[in-house]
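What follows is calculated from the coordinates using simple rules that are stated; it is not laboratory data. These numbers were taken from a predicted model, which means no experiment stands behind them. Here the Cβ positions follow ideal geometry from the backbone for every residue, glycine too, while neighbour counts run over all protein chains shown.
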Amino acid sequence: MAFETIPKPEDVRASAALTDEIRAHFTWENARAMLAGLPGGKLNIAHEALDAQVAAGHGGAPAMTWLGKDGTRREFTYEDLRAQTARFANVLYAHGLGVGDRLYGLMGREAELYIAALGTLKAGLVFSPLFSAFGPEPIRTRMEIGEAKALVTTASIYKRKVAPWWRDLPSLKAIFIVGDEAPEGCVALGPAMAAASPDFAPVPMDPEDTALIHFTSGTTGKPKGAVHVHGAVAYHAMTGRFALEMAPGRRYWCTADPGWVTGTSYGIIAPLVNRVHMLVDEADFDLDRWYSTLQTEKIEIWYTAPTAIRMMMRAGDAAAAPYDFSALRFLASVGEPLNPEAVVWGKRVFGRPFHDNWWQTETGGIVIANTQAMDIKPGSMGKPLPGQVAGIVERDGDGVRECKEGEIGELALRPGWPSMMRAYLHEQARYDKCFVGGWYLTGDLAMRDADGYFWFVGRADDLIKTSGHLIGPFEVESALIEHEAVAEAGVIGLPDETAGEIVRAYVCLNPGFEPSEELEKSIRGLARRKLGPAVAPREVVFRNTLPKTRSGKIMRRLLKARELGLPEGDISTLESDES
Ligand code: ATP
Ligand code: MG
């Protein structure tokens, strides 16, 4: 069956049988058939995203609307981005860079970052995005690990975070600074781009050639540099369509920071190869700005994260009431478990539920998802996408044992899809350890129900064992946020002589609630009713914020380390951290 003849998700809505049909007929060859490709079996992500669209007659189609923090608005067509990325590629070559060299991107959601990322890929260089909010040390370590040859950043970031040390990094050959001026030793991108030719033929790459290096979020420890290849674009094309409802011309907004894998896979690549019209908002989360952006930009597909959704929920339904969200047709969430409460809240406030989906830096793209083609089970991650085989396993000696329905085990995937990582940079042993008995082990605990839906339980490291029970923090956190006073919760296990571990919860309160003994009792009471006394937290501690990574993940290991007075480990990705 050719890919084009596979029914689209919207044609098979709510029909599990047809979804299975899609799955049954799905092959990676079909997914690759979505691509234009280059002669001789070669391809290039940037060619798929831009040049191929222009060649097919869509150069005038809107590709990116960029909203600046200060209200500036910039519009780019597919042809605009094609030409700009060509200029950028030419600038790289003019500065002695070439195929395989690694270029790091260090800035927020500036339009230039998108041009740099795609221009880098077009030129056959490897792109590695960093969070602009990183301090000098995490930037330096990641650039050292990747033997960075080039960096593109802004003057202000350069001055504060790069200038003091970059001369000690022998691999670094060029620093490009956005704008018309550059400090000594750096290249001003504005004039360099203006002088460069707007034509550049995308370098034909082997599908297995490295395209991107993404550092993991560091939620569980030292971040790993996951290596991804050009061939991954087949996966981005197909998952954009099946899991996120992308189609030409649809107005799409991914709120992820481009320093994180979601911000590139689904903030740059998938939308452009599916020829959507994407919105990029330079600003970070701001309740009114986001609501009004959804309305005025008539966003149809919105991909965001639980931490933002919880902030919106915390502000209450009334804050959303003045806005018109009628353009929205599909809402999705990734990065952390999405509490069932949030799915239902989305339906009430936006008229559409959130579709949770699961993946990780290593998988390069969405693996398990609630799609339009099935009924959402709130609180579940959904089902594996076509072409994916997922299982629940338990390590057993040198191999694994497959778990039964309803049994908790480690989420495992059969390797072989295009966007799967090909290595952890310089960490072969750590990489090899992920593969056991023909499975890729994800490090997450989950279970599968009788209908084939997968339910997230927790990180393998976060699992709590108390009085013979295994408890995933997510289940407890979800129960806690059902309390009217609780906005967010982080749950850990603390050593206890009799129970093994006891459950301790840290909670942030909704506006209008104050910490008190009575409130603590009431929260614990609700948890006991929902979860039973064995699973409910023994202690509830009030906090103003929870420690989170820059991609919005609660760092439970840090809550625990601090509680026990243990070393904090790698906290280079830590974002918010007041107690
Ligand atoms: P590190 O591997 O460095 O500890 P990390 O795993 O947080 O960091 P990412 O690759 O950015 O880094 O995050 C992927 C992880 O996020 C998943 O393994 C899972 O634990 C969590 N996650 C992502 N999406 C979901 C989801 N929909 N439901 C539950 N958990 C999710
Ligand atoms: Mg991880």
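Return the sequence-ordered ³J(HN,Hα) values of segment 150-156 in whole Hz as given by the Karplus equation 6.51 cos²θ - 1.76 cosθ + 1.60 applied to θ = phi - 60°, using x for Gly and Pro.
Working through the residues one at a time gives 8, 9, 10, 7, 9, 4, 6 Hz.
Report the local net charge at ALA485: Lys and Arg +1, Asp and Glu -1, summed over other residues whose C-beta lies under 14 Å from its C-beta.
-3
Which lysines, if any, have their Cα less than 26 Å from the Cα of LYS298, not counting same-chain residues under 8 positions apart?
By straight Cα distance, LYS298 reaches LYS8, LYS69, LYS347.
Of the beta bridges DSSP finds with both residues in the chain, what % are antiparallel, to the nearest 5?
Roughly 60 percent of the DSSP beta bridges within the chain come out antiparallel.
Note down the magnitude of the dipole of segment 50-104 about its Cα centre, charges +1 on Lys and Arg C-beta and -1 on Asp and Glu C-beta and zero elsewhere, to the nearest 20 debye.
Roughly 140 debye, rounded to the nearest 20.
Using 0.36 nm times the number of residues separating ARG401 and ARG167, minus their current alpha carbon distance, what extension gain do you get?
Roughly 79.1 nm would be gained on extension.
Taking amide hydrogens as modeled 1.01 Å from N in the peptide plane, which residues meet the under 5 Å criterion relative to VAL457, leaving out close sequence neighbours?
The answer is LEU445, ALA446, MET447.
Going by amide H atoms built from the backbone, whose H comes under 5 Å of the H on VAL276, apart from near neighbours?
Residues meeting the criterion, in which the H sits 1.01 Å from N, are GLY249.
In whole Hz, with x marking every Gly and Pro, tabulate ³J(HN,Hα) for segment 179-192 from phi via Karplus 6.51 cos²θ - 1.76 cosθ + 1.60, θ = phi - 60°.
Residue by residue, segment 179-192 yields x, 8, 10, 9, x, 3, x, 10, 10, 6, 6, x, x, 4 Hz.
How far is it, in nm, from the label point at ALA321 to the one at ALA283 when both lie 7 Å from their Cα along the line to the Cβ?
Once both label points are built, they end up 2.2 nm from each other.
Apply the Kirkwood formula to segment 50-173: the hydrodynamic radius equals the inverse of the mean of 1/r over all pairs of different alpha-carbon atoms; give it in Å with one decimal.
Result for segment 50-173, one decimal place: 15.4 Å.
Can you sort PHE285, PHE176, PHE350 so the residue with the fewest Cβ neighbours within 10 Å comes first?
Taking fewest neighbouring Cβ atoms as first place, the list is PHE285, PHE350, PHE176.
Pull up all non-local amide H partners of LEU509: gap of 5 or more, or a different chain, and H-to-H distance under 5 Å with H placed in the peptide plane.
The answer is ALA487, ARG543.
Using R₀ = 45 Å, calculate the FRET efficiency as 1/(1 + (r/R₀)^6) where r is the Cβ-Cβ separation of ASP570 and ALA56; round to 0.05.
0.50
Using Cβ counts within 10 Å as a stand-in for footprinting exposure, how do SER197, SER217 rank, fewest first?
Details: SER197 12, SER217 23.
In order of increasing Cβ crowding within 10 Å: SER197, SER217.
7 Å from Cα along Cα→Cβ at both GLU144 and ARG348: what's the point-to-point distance in nm?
Spacing of the two 7 Å Cα→Cβ label points: 5.0 nm.
Which of ALA534, LEU81, VAL400 sits farthest toward the positive end of the charge dipole of the chain, with +1 on the Cβ of Lys and Arg and -1 on the Cβ of Asp and Glu?
Checked the options; the winner is LEU81.
Once you charge only the Cβ atoms, +1 for Lys and Arg and -1 for Asp and Glu, what is the size of the charge dipole of the chain about its Cα centre, to the nearest 20 debye?
On the way: 62 positive and 75 negative charges, 64 e Å.
Dipole size: approximately 300 debye.
Which peptide among 31-43, 92-104 comes first, and what is the full order, when sorted by highest mean count of other Cβ atoms within 10 Å?
92-104, 31-43
Considering all alpha-carbon pairs of segment 463-546, what whole percent are spaced by more than 21 angstrom? Intermediate values should be presented prior to the final figure.
Details: 750 of 3486 pairs.
Within segment 463-546, distances greater than 21 Å cover 22 percent of Cα pairs.
Give me a comma-separated list of calculated 3J(HN,Hα) values for segment 124-138, in order, Karplus coefficients 6.51, -1.76, 1.60 applied at θ = phi - 60°, integers in Hz, x for any Gly or Pro.
Going residue by residue, I get x, 8, 9, 9, 9, x, 10, 5, 5, 7, 4, x, x, 5, x Hz, with x marking Gly and Pro.
Take the alpha carbon atoms of the chain, find their radius of gyration, then divide it by 2.2 N^0.38 Å using N residues; give the quotient.
My calculation over the Cα atoms of the chain gives 0.95.
So for each of 80-89, 526-535, 305-314 I average, over its residues, the number of other beta carbons within 10 Å; can you give me the resulting order with the highest mean first?
Top to bottom by mean Cβ count within 10 Å: 80-89, 305-314, 526-535.
Starting with the fewest neighbours, write out ILE376, ILE145 ranked by other beta-carbon atoms found within 10 Å of each beta-carbon.
Placing the least packed residue first, the sequence is ILE145, ILE376.
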